[in-house]
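Here the structure comes first, spelled out in structure tokens, and everything after it is commentary.
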Amino acid sequence: MRDARAELAERIAGEVTLSDDPGATLRKWREEFGVAQTTLADELDVSASVVSDYESGRRENPGIRVVSRVVRSLLDIDERRGGDRVRQHARVLSAGFDKDVVYDLREYPATIPLSRFYDAIDAETVVSGGAETIAGHTVINSVEAIKRLSSEEFYRLYGQSTNRALVFTNVTRGESPLVALRVVTPTPSAVILQGLEGDDLWEHAPALARADGVSLATTSASIESILEALREFP
């Protein structure tokens, strides 16, 4: 089996190199690793303004040597912090979900505002959590997921990042998805419950979301229209 660190390095470098906006993709991965610009700059032995210039596009697109140094630095920082990101990547190298359980699982080339995601699927905020942006989404058949997935498989719904929106479809009261997520650590940035209005929420659902710092929203849009809206997203 290939080394998980090498697999992740290859994934990041490939995504940055192929991106239409390499700077934004570099920023997305830096944020995914929870690394400040100043920390990355220290690791690279450059000023923070250099990192900022690459991420904003003020400098010309970074070449493969720059990308390689950034990727290696992010992985080195993660390793010193305990290697959580690499371990997470190793757990999700192969998602292996059936299409009747997971309708869509996507990573974005750059983080996007959570509000923009809500607009795309016609969702209304119930609870505002701590995250303002997301780096991906997963659309899940809530009934089949709860019936068939173990806690480890629930974790794999996060794809490459927990900084994402989980859309649970065919929800009737909002209780089961939130209770199921309580056995999984960490939590996602946002949960969207499809198939009910805010007034139909299980009475304790908002309290659970607030306790976990998760943004909670509902949408009455059809599954088909959600998948259509997300097909070309972001």
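Among the residues of the stretch 109-132, write down those that are of a type in the set (Ser, Thr, Tyr) and either open to solvent by 50 Å² or more (accessible area, probe 1.4 Å) or more than 12 Å from the chain's Cα centre (by Cα) (or both). Within the stretch 109-132, Ser115, Tyr118, Thr125, Ser128 qualify.
Taking (1) without any contact (Cβ under 8 Å) to a residue 40 or more places away in the chain; (2) within 18 Å of the chain's Cα centre (by Cα) in turn, Val86 satisfies each apart from (1).
Among the conditions (1) under 30 Å from Val167 (Cα atoms); (2) modelled with pLDDT under 90, the only one that Asn61 does not satisfy is (1). When the residues of the stretch 1-27 are filtered to those that are of a type in the set (Asp, Glu) and surrounded by 12 or more Cβ atoms within 10 Å (Cβ to Cβ), the one that is farthest from Ser56 (Cα to Cα) is Glu7. For Arg72, the conditions (1) within 23 Å of Gly159 (Cα to Cα); (2) under 20 Å from the mean Cα position of the chain (by Cα) are fulfilled apart from (2). Against the list (1) among the small types (Gly, Ala, Ser); (2) under 24 Å from Ser189 (Cα atoms); (3) at pLDDT 90 or above, the condition Gly83 fails is (3).
Report yes if some residue within the stretch 71-78 is touching a helix residue (DSSP H, G or I) at 6+ places or on another chain (Cβ under 9 Å), touching a residue at least 60 places away in the same chain (Cβ under 8 Å) and among the hydroxyl-bearing types (Ser, Thr, Tyr); otherwise report no. No, there is no match, as no residue in the stretch 71-78 is touching a helix residue (DSSP H, G or I) at 6+ places or on another chain (Cβ under 9 Å), touching a residue at least 60 places away in the same chain (Cβ under 8 Å) and among the hydroxyl-bearing types (Ser, Thr, Tyr). The selection criterion, being crowded, with 19+ Cβ neighbours inside 10 Å and either in contact with a helix residue (DSSP H, G or I) (Cβ under 8 Å, 6 or more places away or on another chain) or assigned to a helix (DSSP H, G or I) (or both), does not hold for Val66.
The values are calculated or read from the model by the stated rules, or taken from the named source; none is laboratory data. Since the structure is predicted, the reported quantities are computational estimates derived from the model, not experimental observations. Note that we place each Cβ from the backbone using ideal geometry, even for glycine, and neighbour counts take in every protein chain shown. To get the accessible areas, we keep the full protein, side chains included, count just its heavy atoms, and leave off ligands, DNA and RNA. Shrake-Rupley method; radii C 1.70, N 1.55, O 1.52, S 1.80 Å.
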